[in-house]
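To start, the structure itself, in structure tokens.
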Amino acid sequence: MPSAFTDQQLVAYIEETLPLDQSVAVETALRSSTPLQHRLRSLLADYDIGPVSLGAIWRQRHVSCPNRTTWQAFLHDQIHGEFREYLQFHLDVIGCRYCAANVSDLQTREDAQTRSRVEKIFATSVGHLHKASGRGHS
């Protein structure tokens, strides 16, 4: 139903700032609703003209979003107090998909680096382990 979504929600969908579950609902509705498709096209045309408010500029430029260095410090428990609470709020309550993607990417990279280090340590020590147990390579 086209009226189920506000213009603000549709703009958030365009900006990819709408929480994932709501984005899925918009996409599902768009597939079967021509009036909703027309509304979205109209909003896109207005959106493409450019930001007309300070809030729009902030949202488009992710001004309130912390940088990756901050998120990395957050992941390593190097940020405490009210700022940590704000970061958690930004992820969980605001549901910033941009920052969630950054956090996910940082976690994935860190996991890959950890696996790589473990594999390197294992690869360089496996021969020593065999020799120490008397089962060296022949």
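Bear in mind that the values in this text are calculations on the coordinates, not laboratory data. Quick caveat: nothing in here was measured; it's all calculated off a predicted structure. When we count neighbours, we look across all protein chains shown, and the Cβ atoms used for this are built from the backbone with ideal geometry, even at glycine.
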For the range 1-63, just say rounded, prolate or oblate: build the C-alpha gyration tensor, square-root its eigenvalues into a ≥ b ≥ c, call rounded for a/c under 1.5, and beyond that prolate if a/b exceeds b/c, oblate if not.
-> oblate
Among Phe83, Phe5, what is the fewest-to-most ranking by other Cβ atoms within 10 Å?
-> Phe83, Phe5
Quote to one decimal, in nm, the extra length available between Ala45 and Gln9 on full extension: 0.36 nm per residue of separation minus the C-alpha distance between them.
-> 11.4 nm
Of His90, His38, how do they rank once you tally other Cβ atoms within 10 Å and put the fewest first?
-> His38, His90
